[in-house]
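The values are calculated or read from the model by the stated rules, or taken from the named source; none is laboratory data. Computed from a predicted model, the values in this text were never measured in an experiment. Glycine also receives a Cβ, built like all others from the backbone with ideal geometry; neighbour counts cover every protein chain displayed. Only protein heavy atoms, including side chains, enter the accessible area calculation; ligands, DNA and RNA are left aside. Shrake-Rupley method; radii C 1.70, N 1.55, O 1.52, S 1.80 Å.
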Amino acid sequence: MVLIMVTTWYPLTKATEVAKKYIEVMQKIPSDPSIAKPLVTAAVSPGKDGIEVISISEVRKGKYEEALNRANRRMVMFFGIEGYRYEIKTLLTLEEAMPLIGLAPP
């Protein structure tokens, strides 16, 4: 199973603006379990440099391109919020990664 992890960072002073935008984004592009199953909807960690939020979704087989497109479309909607940054990563499970180096997972 392929995972998509989205990490976002933004200033503490933008928390309310980001939260309102998040509600808008999720109404316009809601989760679709037939494409990706949310494993971590939003794990929030405030710190001295701002707020970090991580979300992780398990992509359904054959739906990677569609899931990645949805994640990118969501993130574009946050453009214009000063200091908002994001990163989208594709992750493999241990069972998928180990055979790439010729090993069997435990």
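Before moving on, here are some points about what is shown:
- Normalised contact order of the stretch 1-92, rounded percent, pairs of Cα under 8 Å and 6 or more residues apart: 49
- Heavy-atom accessible area order for Y64, Y84, largest first, 1.4 Å probe: Y64, Y84
- A full extension of the chain between E17 and L100 corresponds to an added length of 25.6 nm, given 0.36 nm per residue minus the alpha carbon distance.
- Added length on full extension, which subtracts the Cα-Cα distance from 0.36 nm per residue, V40 to L68: 8.5 nm
- Alpha carbon Rg of the chain, scaled by the compact-globule rule 2.2 N^0.38 Å: 1.19
- Those residues of the stretch 40-73 whose amide nitrogen sits under 14 Å from the label point placed on T90, 7 Å along Cα→Cβ: 59-72
- Folded to 0 to 90 degrees: helix 64-76 orientation relative to the chain principal axis, Cα: 10
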